[in-house]
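The values are calculated or read from the model by the stated rules, or taken from the named source; none is laboratory data. Note that the coordinates shown come from a computational prediction; the quantities given were computed from them, not determined experimentally. When we count neighbours, we look across all protein chains shown, and the Cβ atoms used for this are built from the backbone with ideal geometry, even at glycine. Keep in mind that these areas ignore ligands, DNA and RNA; they rest on the heavy atoms of the full protein, side chains included. Shrake-Rupley method; radii C 1.70, N 1.55, O 1.52, S 1.80 Å.
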Amino acid sequence: MDYILETKRLFLREMTDEDFSSLKKVIGDPENMVYYAKPYDDEGVQRWIDWCKDSYKKNGFGLWAVILKETGEMIGDCGISMQPINGGTVPEIGYHLRKDYHRQGIGKEMTRAVRDYFFEHFDFDEVYSYMEEDNLPSYKTAEANGMTFRNMYKNGNYGMCRVYSITREEWKKIK
């Protein structure tokens with residue numbers, strides 16, 4: 001399997017159907033998905049994988065499987081997806097990480113690598129992240145990666161969301 005990105009502790013690669021059981025441990029876990037309407041069931045996990053694979057074909061990017069180098073196991077997903085934010089469709093850095101890997105700096109490590117890869121390989125001038133307004137871990141990760149709070153907006157699926165972004169010019173200054 002070819003890797004798209006490599007960090008100190010991780011490989012990121014395209015997701016496959018073989019990732020089903022590992023992904024279910026992440027997005028099927030109620031505690032891990034506390035900021036979502038509900039955790040994903042088997043059908044939802046398969047839809048997620050299919051959506052990721054479709055995004056690779058359509059956009060050249062998507063949410064990728066996050067593989068821990070030390071063990072070779074998939075511990076989450078991270079990448080770019082096109083999301084409806086503030087009435088437009090924009091590239092967004094998103095991720096999900098298995099709860100036993102929270103608070104180890106892995107979220108920052110993988111999202112920073114995705115941010116850099118995005119600006120190095122695609123022509124967009126800005127990349128976003130959005131999250132429920134009370135999702136402190138996610139907005140702290142966005143801030144740690146140089147993103148700036150832009151505004152709040154009403155997301156029909158989740159309620160009020162915080163929107164963060166970083167422009168290409170802002171990224172160049174911190175890179």
In segment 135-145, residue most open to solvent (accessible area, probe 1.4 Å) [restricted to those that are in a helix (DSSP H, G or I) and over 15 Å from Glu92 (Cα atoms)]: Lys140
Looking only at segment 146-166, decide whether some residue is part of a helix (DSSP H, G or I), in contact with a helix residue (DSSP H, G or I) (Cβ under 6 Å, 6 or more places away or on another chain) and open to solvent by less than 40 Å² (accessible area, probe 1.4 Å). no
Please list, ordered by first then second residue, the pairs with beta carbon atoms under 9 Å, 6 or more apart or interchain, first in segment 4-30 and more than 12 Å from Lys99 (Cα to Cα) and hydroxyl-bearing (Ser, Thr, Tyr), second outside any helix (DSSP H, G or I) and open to solvent by 20 Å² or more (accessible area, probe 1.4 Å). Thr7/Lys69; Thr16/Met1; Ser22/Glu73; Ser22/Arg98
Is it fair to say Gly79 is open to solvent by less than 50 Å² (accessible area, probe 1.4 Å), touching a Ser or Thr at 6+ places or on another chain (Cβ under 6 Å) and within 22 Å of Trp171 (Cβ to Cβ)? no
Glu109 vs. criteria within 23 Å of Pro39 (Cβ to Cβ), within 15 Å of the chain's Cα centre (by Cα) and of a type in the set (D, E, K, R): no
List every residue pair whose Cβ atoms lie under 6 Å apart, where the two residues are 6 or more positions apart in sequence or sit on different chains, the first residue falls within segment 96-113 and is of a type in the set (Lys, Arg), and the second residue, located anywhere, is assigned to a strand (DSSP E or B). Arg98/Ile75; Arg98/Gly76
Mind checking which pairs have a first residue in segment 64-81 that is without any contact (Cβ under 8 Å) to a residue 40 or more places away in the chain and farther than 14 Å from Arg112 by Cα and a second that is not polar (S, T, N, Q) and not in a strand (DSSP E or B), Cβ under 7 Å, 6 or more apart or different chains? Ser81/Gly62
In segment 122-140, the residues that are under 25 Å from Arg13 (Cβ atoms) and without any contact (Cβ under 8 Å) to a residue 40 or more places away in the chain: Asp123, Ser129, Pro137
Restricting the first residue to segment 35-52 and requiring it to be touching a residue at least 40 places away in the same chain (Cβ under 8 Å), which pairs with a second residue that is outside any helix (DSSP H, G or I) meet a Cβ separation below 6 Å and a spacing of at least six or different chains? Tyr35/Glu132; Tyr35/Asn135
All-but-one check, Val26 against (1) within 23 Å of Asp123 (Cα to Cα); (2) within 16 Å of the chain's Cα centre (by Cα), failing number (1)
State the number of residues belonging to segment 85-131 that are on the phi < 0 side of the Ramachandran plot, assigned to a loop (DSSP other than H, G, I, E, B) and either surrounded by fewer than 20 Cβ atoms within 10 Å (Cβ to Cβ) or out of contact with any helix residue (DSSP H, G or I) (no Cβ under 6 Å at 6 or more places or on another chain) (or both). 6
Of everything in segment 1-39, what is closer than 13 Å to Glu73 by Cβ, surrounded by 15 or more Cβ atoms within 10 Å (Cβ to Cβ) and hydroxyl-bearing (Ser, Thr, Tyr)? Give them in sequence order. Ser22
